[in-house]
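Reading through the structure tokens given below for one structure.
The values are calculated or read from the model by the stated rules, or taken from the named source; none is laboratory data. All values derive from a computational prediction rather than experimental measurement. Backbone-built Cβ (ideal geometry, glycine too); neighbour counts: all protein chains shown.
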Amino acid sequence: MGFKGRNFVDLADFNRDELRAILDKAHELKRKQRNGEPHEILKGKSLAMIFMKSSTRTRVSFEVGMTQLGGHALYLQPSGTQLGRGETIADTAKVLSRYCDVIMARVFGHSEVVELAEHATVPVINGLSDFNHPCQIMADMMTIEEHKGKLEGLKIAYVGDSNNVSNSIMQGCTIMGMDVSIGSPKGYTPSEEIIKKADSLNKTHQTTLEIVNDPAAAVKGADVIYTDTFFSMGQEKSKEKEDALMPFQVNRTLVGKANDNVIVMHCLPAHRDEEIESVVMDGKHSVVFDQAENRLHAQKGIMALIV
Ligand code: CP
Ligand code: NVA
């Protein structure tokens, strides 16, 4: 499978076998790390990490992951680099490619990470854009496999604001053979663009995509319930949006409407008692901290294959 040198910007750029290979590598590296087996397969390699937005998980898991693989990571922000003083993304991509072996970027507009990938001569990994969050969904699918033993044939219900995370769920989970249900209030449903992309993936993979304005309908028969913040980074808060999304809160009543052994997921950071009831986040169905841990292993899997 030709992985070396490829960008990891959008899950739809990969087929099922390729995502499978990344997941297998991630599980393997997790086992090795747990058993204390050395796996310094990127010794001497450097990762440049550009963060245009805040991060806890992405920053720490990429940096620690690269260290565990034997390499080194650099944390770069607009303030403190020439990006903040107007040096272009294209020029930054060309320069970083002369020093580093891989670039990870967290950006606002998706076009920024696409532009970076166009001009870099080393692989570029998308660490979240306003459009998608592919690394997150790799960690999530790894987590689902650990708890459910499989992906194919399961139903995932994403409930809340349609955003970068739900967009990547609509792509990644579909490619891996899961049925996806999105429960969002009117005005906060997925864009036509992503629905079109997901529809074409559904045809290929014989899966279903359902978009409903009723949280109970979304979680009916679900094996996985997923939610995320009402307001993503860069979005302005509004009372109107909060009022629309509050009935979509993942709480005990909603969880009771899914399958008995449903797992509850959240990419974090969570706003307790807003999009998710605090007792649900700490309750027996929740796997949110496994997800957070698996960012480390999934991203090590991605880097091990593309660098
Ligand atoms: N889930 C996630 O990407 O978290 P951070 O914003 O902390 O990186
Ligand atoms: N949708 C959230 C995800 C954070 C990891 C955001 O973009 O802020």
* Asked: Across the range 121-134, what is the total count of residues that are within 16 Å of ligand 2 (Cβ to nearest atom) and surrounded by fewer than 24 Cβ atoms within 10 Å (Cβ to Cβ)?
  -> 2
* Asked: Has the range 67-78 got at least one residue that is part of a helix (DSSP H, G or I), in contact (Cβ under 8 Å) with a residue 12 or more places away in the chain and either surrounded by 12 or more Cβ atoms within 10 Å (Cβ to Cβ) or on the phi < 0 side of the Ramachandran plot (or both)?
  -> yes
* Structure fact -> Checking Ser54, Ser46, Ser61 in turn, the sole residue that is touching a residue at least 40 places away in the same chain (Cβ under 8 Å), among the small types (Gly, Ala, Ser) and touching a Leu at 6+ places or on another chain (Cβ under 6 Å) turns out to be Ser61
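Among the residues that make up the range 121-131, is at least one of them more than 16 Å from ligand 1 (Cβ to nearest atom) and out of contact with any strand residue (DSSP E or B) (no Cβ under 9 Å at 6 or more places or on another chain)? Break it down stepwise before answering.
Going through the range 121-131, the residues more than 16 Å from ligand 1 (Cβ to nearest atom) turn out to be 121-124.
Those left that are additionally out of contact with any strand residue (DSSP E or B) (no Cβ under 9 Å at 6 or more places or on another chain): 121.
Within the range 121-131 (the criterion being more than 16 Å from ligand 1 (Cβ to nearest atom) and out of contact with any strand residue (DSSP E or B) (no Cβ under 9 Å at 6 or more places or on another chain)), the answer is yes, since at least one residue qualifies.
Report yes if Glu87 is at pLDDT 95 or above, assigned to a loop (DSSP other than H, G, I, E, B) and surrounded by 13 or more Cβ atoms within 10 Å (Cβ to Cβ), otherwise no. Can you show your working first?
Working: at pLDDT 95 or above: yes; assigned to a loop (DSSP other than H, G, I, E, B): yes; surrounded by 13 or more Cβ atoms within 10 Å (Cβ to Cβ): yes.
When the stated conditions are applied, Glu87 passes them.
Looking at Lys257, Lys237, Lys197, Lys241 in this structure, which one is on the phi < 0 side of the Ramachandran plot and surrounded by fewer than 16 Cβ atoms within 10 Å (Cβ to Cβ)?
Values: Lys257 fails: surrounded by fewer than 16 Cβ atoms within 10 Å (Cβ to Cβ); Lys197 fails: surrounded by fewer than 16 Cβ atoms within 10 Å (Cβ to Cβ); Lys241 fails: surrounded by fewer than 16 Cβ atoms within 10 Å (Cβ to Cβ).
Only one candidate passes the filter, namely Lys237.
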* Please enumerate the residues belonging to the range 135-168 that are more than 16 Å from ligand 2 (Cβ to nearest atom), crowded, with 24+ Cβ neighbours inside 10 Å and not in a helix (DSSP H, G or I). => Ile156, Ala157
* Asked: Of all residues in the range 7-43, how many are over 18 Å from the mean Cα position of the chain (by Cα) and in a loop (DSSP other than H, G, I, E, B)?
  -> 8
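Condition test on Lys186, is it of a type in the set (Lys, Arg), more than 20 Å from Ile263 (Cα to Cα), modelled with pLDDT of 95 or more and more than 16 Å from ligand 1 (Cβ to nearest atom)? Please lay out each step first, then the result.
Details: of a type in the set (Lys, Arg): yes; more than 20 Å from Ile263 (Cα to Cα): yes; modelled with pLDDT of 95 or more: yes; more than 16 Å from ligand 1 (Cβ to nearest atom): yes.
When the stated conditions are applied, Lys186 passes them.
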* Of the residues Ser61, Ser46, which is within 16 Å of ligand 2 (Cβ to nearest atom), of a type in the set (Gly, Ala, Ser) and crowded, with 16+ Cβ neighbours inside 10 Å? -> Ser61
